[in-house]
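Read the structure below first, then the notes.
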Amino acid sequence: MSRLRRFLHTPEAVAGAILLAVLFAMALSASLLFPGDPQAIAGPALLPPFQDWSLPLGTDRLGRDVLAELFHGARTSLAVGLAAAAAALVIGAVVGTLAGFAGGLVDEVLMRIADAFQTVPGFLLALAFVSVVGPSLGVVVAAIALGTWTGPARIARAEVLSIRERDYVAGARVIGMHPLEIAFREVLPNALPPVLAMSSVIVAAAILTEAALSFLGLGDPNRVTWGGMIAEGRTVLRTAPFLSIVPGIALVLTVLGVYLAGEGIVETTAVRRGLS
Amino acid sequence: MSLLAVSNLTKNYRRTGKPVAAVDDVSFTIEPGETLALAGPSGSGKSTIARLVLRLIEPDAGRIEFEGSDFLALRGVALRARRARLQMVFQDPLAAFNPRATVARVLDDPLRVHGIAPRTERPRRIAALLERVGLAVDLAPRAIHEISGGQRQRVAIARAIATKPSLIVLDEAVSALDVSVRGQILDLLLDLQRRERIAFLFISHDLGVVRAVAHRVILLDAGRIAESGDARTVIDLPQSAVGKALVAAAPRLNRYRP
Ligand SMILES: Nc1ncnc2c1ncn2[C@@H]1O[C@H](COP(=O)(O)OP(=O)(O)O)[C@@H](O)[C@H]1O
Ligand SMILES: [Mg+2]
């Protein structure tokens, strides 16, 4: 309870939480408020914002409702961002735990693989992966996770290296527990806090990567994405700049919200740990 | 035949390049139901011997025979199965348990791992174990960090006896406890030994405690055996320099009479 109170007393955290709440509300209400295909033509092309109240943010080059696209785009951004970050955290935690706990050759091999992944910039890796496999929501998620898991893996490994020397790990061996059970049931849960502390940065980065991929035309073509909207608007940037500005602002606010709320959570739990 | 026969056990650690013998050519035996104490100054190799005997670390040389078979030859499943018979109690009972664990989970683990009781029967077994070590049954759902140090060490003993071992290694198991709690835990250990013929490898730097609970004692110095024999004889009239120094440092030797 006091953790929640401390969170609510941090203005940045509250601002982040509100931004995220709005984003989630948009994502969840998208098909309720804007049923049907958001990519269908809804009115005249290039209608500016605040002209027609049935199309409050106007229309794009093909006459599609910008507000509907914005709501449906929130869905894609959130879904891809959260799924990719979750995949990266899970892969990273598992690989880092195995490497740190097993040591020796297993550690060597896993960490060389992580090195290999880290030498290629995450975005290039995602770009190459999607270009080869083809754009779909699942592939985009996998592509982003592929470039992100090494960070969590290294942090998990470092934590596991210190935890595996503790008496309770020796105690688990003494009672005859299987090494894999020791690794994943005794060690991994205690190695998680510093890994989870990275999640806000990872989610924010995943959302930006998804937008960048979509901007380059490598997003799922059947879904509205903010990156895709920005790219669309770019062709008419001089005459209708709002088409790029609106999804751009949405993107910035989302990343800011994720980051502030995430930092707020880390901050309040860290304070709590420091006190106890 | 001895329950445990350790011969020529050696373990070297590298310190700043050159190897240092933490345990140097140590041999001893433990009979069923016997308490053998390992005493010696800090850094004399007591914990290293405990870890070697439990196969938590591997020796550089030597043999360990446990219950008539070569304990060092066991691997994988066979080793894990045999561990049921050879248990340990650590010095710091807080560090010895997963910080997220509850009392029930700590006691459930050995029962589950060794298939000692089916899931539905385990709560009853856990209750019996708690009772056996003098704890209230309603402690089971509590988190390990919520109970007192003395209670925690009783839980550690309950966990150690859950698989019906023939030997328990106790590495400074009472050293971190208050004097009054220490006496109660020692009483509990002696009672377990009397009724179930469990042997103890009892590690302590406190000769008063050793004299009260051990049948035989080995005094270690820098990884080697300096002196060994009947616990009272050795402690009442030590022959080695280490023995004399340890006795001189012990405050009052007949504090415990369990
Ligand atoms: N993991 C290790 N690495 C290096 N040296 C160690 C390690 N464990 C123990 N030692 C050394 O071995 C010697 C014996 O240590 P230990 O068995 O813990 O002694 P005791 O339990 O009698 O205090 C000490 O000199 C200690 O520094
Ligand atoms: Mg020690």
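Things to note:
- Peptides A:27-33, A:194-200, ordered by how many other C-beta atoms sit within 10 Å of their residues on average, highest first, read A:194-200, A:27-33.
- Taken over region A:6-160, the ratio of Cα radius of gyration to 2.2 N^0.38 Å equals 1.41.
- Rounded tilt (10° steps) of A:242-275 against the dominant C-alpha axis of chain A: 30
- Separation of the A:Arg185 and A:Ala116 label points, Cα + 7 Å toward Cβ, nm: 3.3
- Partner aspartates and glutamates for B:Lys11 [C-alpha distance under 15 Å; skip if fewer than 8 residues away on the same chain]: B:Asp24, B:Asp25, B:Glu58, B:Asp60, B:Asp221
- Tail weight of P(r) past 18 Å, computed on alpha-carbon pairs of region A:84-128, percent: 35
- Over the Cα atoms of region B:102-164, the radius of gyration divided by the Kirkwood radius equals 0.93; this is the Rg/Rh ratio.
- Sequence-distant contacts, meaning Cα pairs under 8 Å at least 6 residues apart, place the relative contact order of chain A at 26 percent.
- Spacing of the two label points (7 Å from each Cα toward its C-beta) at A:Ser136 and B:Lys164, in nm: 5.7
- Note: relative contact order over region B:65-217, using C-alpha pairs below 8 Å and six or more positions apart, is 28 percent.
- Considering all C-alpha pairs of the protein assembly as shown, those separated by over 44 Å amount to 38%.
- Rounded to whole Å, the principal axis extents of the Cα atoms in region A:201-257 read 35, 24, 14, largest first.
- For the peptide B:152-163, the mean number of other protein chain Cβ atoms found within 10 angstrom of a residue's Cβ is 1.
- Bins of 10 Å, starting at 0 and running to the largest distance - Cα pair percent for chain A: 7, 24, 28, 22, 12, 5, 2, 0
- Additional length obtainable on full extension of the chain from B:Ile116 to B:Gln239, 0.36 nm per residue less Cα span: 39.6 nm
- Backbone N under 20 Å from the A:Leu32 label point (7 Å along Cα→Cβ), restricted to region A:45-88: A:56, A:67-79
- Working note: Cα atoms of region B:15-73, range along each principal axis, descending, whole Å: 40, 28, 18.
- Neighbouring Cβ atoms from other chains, within 10 Å of the Cβ of residues in A:177-184, number 2 on average.
- Cβ-based exposure ranking for B:Lys244, B:Lys18, in which fewest neighbours within 10 Å come first: B:Lys18, B:Lys244
- Restricted to Cα atoms, chain B shows a radius of gyration and a Dmax of 18.3, 56 angstrom.
- Rounded FRET efficiency, nearest 0.05, which uses the C-beta distance separating A:Leu253 from B:Ala81 and R0 of 45 Å: 0.15
- Gain in span if fully extended, A:Leu46 to A:Ala25, counting 0.36 nm per residue against the direct Cα distance: 4.9 nm
- Cα centroid separation, region A:80-159 to region B:179-244 (Å): 53
- Average beta carbon contacts from partner chains per residue of B:84-91, 10 Å cutoff: 3
A short reminder: the numbers here are calculations on the coordinates, not readings from a lab. Quantities reported herein were computed from a predicted structural model and do not represent experimental measurements. Positions of Cβ are generated from backbone atoms using ideal geometry, with glycine treated the same way; all protein chains shown enter the neighbour counts.
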